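The values are calculated or read from the model by the stated rules, or taken from the named source; none is laboratory data. Note that the structure is a prediction, hence the values are computed from the model and not measured. Here the Cβ positions follow ideal geometry from the backbone for every residue, glycine too, while neighbour counts run over all protein chains shown.
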């Protein structure tokens with residue numbers, strides 16, 4: 001008997017487990033490994049889409065895989081992360097699901113310590129490689145919109161222009177394509193600490209001999 005046809009929409013993040021998705025994740029691995037290695041002495045958090053993305057030569061202190069409605073791994077949770085505020089020096093956010101993205105970004109900003117940094121890997125909607133994730137359910141935002149979302153979460157992107165990496169046309173290389181045609185946009189954002197508060201100067205101590213009897 002033939003299998004009953006399913007009318008369910010495909011899980012968007014499942015695309016990262018395909019050959020095309022794996023090629024893209026492989027192009028990101030070296031950069032992620034370098035980020036985590038540079039922060040090895042400080043607590044780090046890595047949120048990834050699965051499909052082999054969570055394998056690296058350097059592991060984060062907490063590594064969670066995105067799933068519908070939340071994350072799993074050492075911790076299984078919804079969009080709200082059961083992690084202490086101001087507890088991580090670095091957060092790597094690799095292809096966050098579109099659904100509930102504002103809440104996820106707010107949580108990432110919350111768990112970052114002042115002076116910490118978030119690295120965000122996002123698909124590039126103008127890359128020719130987009131044809132490979134067409135009709136998968138992935139909803140793609142441009143870097144300008146992502147930067148606004150990061151700023152709305154209380155993070156500062158002003159010191160970090162977007163970077164581009166990954167394949168552009170086919171295979172692993174980008175050929176002669178401009179960098180902005182590559183499949184992945186890498187954004188960085190900092191969590192600024194509280195502004196310096198100037199304390200009022202202390203009033204001079206009373207000198208008994210300075211006041212006439």
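Yes or no: residue 93 crowded, with 21+ Cβ neighbours inside 10 Å and either closer than 22 Å to residue 59 by Cβ or at pLDDT 95 or above (or both)?
yes
Under the condition of being in contact with a strand residue (DSSP E or B) (Cβ under 8 Å, 6 or more places away or on another chain) and part of a loop (DSSP other than H, G, I, E, B), which residue from region 81-107 is nearest to residue 16 (Cα to Cα)?
Residue satisfying both the conditions and the ranking: 95.
Only one of these conditions is not met by residue 30: (1) modelled with pLDDT under 85; (2) farther than 23 Å from residue 155 by Cβ. Which number is it?
(1)
Only residues that are within 28 Å of residue 167 (Cα to Cα), touching a strand residue (DSSP E or B) at 6+ places or on another chain (Cβ under 9 Å) and crowded, with 18+ Cβ neighbours inside 10 Å: list them for region 113-132, please.
Within region 113-132, 117, 118, 119, 120, 121, 122, 123, 124, 127, 129 qualify.
Tell me whether region 108-125 contains one or more residues that are assigned to a loop (DSSP other than H, G, I, E, B) and either more than 14 Å from the chain's Cα centre (by Cα) or within 30 Å of residue 178 (Cβ to Cβ) (or both).
yes
Would you pick out the residues in region 52-79 that are farther than 19 Å from residue 35 by Cβ and in contact with a helix residue (DSSP H, G or I) (Cβ under 6 Å, 6 or more places away or on another chain)?
Selection gives 79 alone.
Just give me the residues in region 73-82 being surrounded by fewer than 18 Cβ atoms within 10 Å (Cβ to Cβ), over 21 Å from residue 14 (Cα atoms) and either within 15 Å of the chain's Cα centre (by Cα) or touching a residue at least 12 places away in the same chain (Cβ under 8 Å) (or both), in sequence order.
Scanning region 73-82 gives a single hit, 80.
List pairs: first residue in region 22-42 and on the phi < 0 side of the Ramachandran plot and in a helix (DSSP H, G or I), second residue surrounded by fewer than 17 Cβ atoms within 10 Å (Cβ to Cβ) and modelled with pLDDT under 90 anywhere in the structure, Cβ distance under 7 angstrom, at least six positions apart or on different chains.
Listed pairs, sorted by first residue: 22/52; 23/172; 25/52; 27/172; 33/57; 33/58; 36/58; 37/58.
Against the condition outside any helix (DSSP H, G or I), at pLDDT below 85, surrounded by 14 or more Cβ atoms within 10 Å (Cβ to Cβ) and in contact with a strand residue (DSSP E or B) (Cβ under 7 Å, 6 or more places away or on another chain), how does residue 50 come out, does it pass?
So residue 50 does not fit the description; no.
State all residues of region 60-72 that are outside any loop (DSSP other than H, G, I, E, B) and surrounded by 15 or more Cβ atoms within 10 Å (Cβ to Cβ); if no residue qualifies, say none.
Those that are outside any loop (DSSP other than H, G, I, E, B) and surrounded by 15 or more Cβ atoms within 10 Å (Cβ to Cβ): 62, 63, 64, 65, 66, 67, 70, 71.
Do we have residue 187 as modelled with pLDDT of 90 or more, within 17 Å of residue 30 (Cα to Cα) and in contact with a helix residue (DSSP H, G or I) (Cβ under 6 Å, 6 or more places away or on another chain) here?
In short, yes.
Only one residue in 148, 135, 102, 110 is surrounded by fewer than 21 Cβ atoms within 10 Å (Cβ to Cβ), under 28 Å from residue 26 (Cβ atoms) and without any contact (Cβ under 8 Å) to a residue 60 or more places away in the chain. Which one?
None of the other options fit; the residue is 135.
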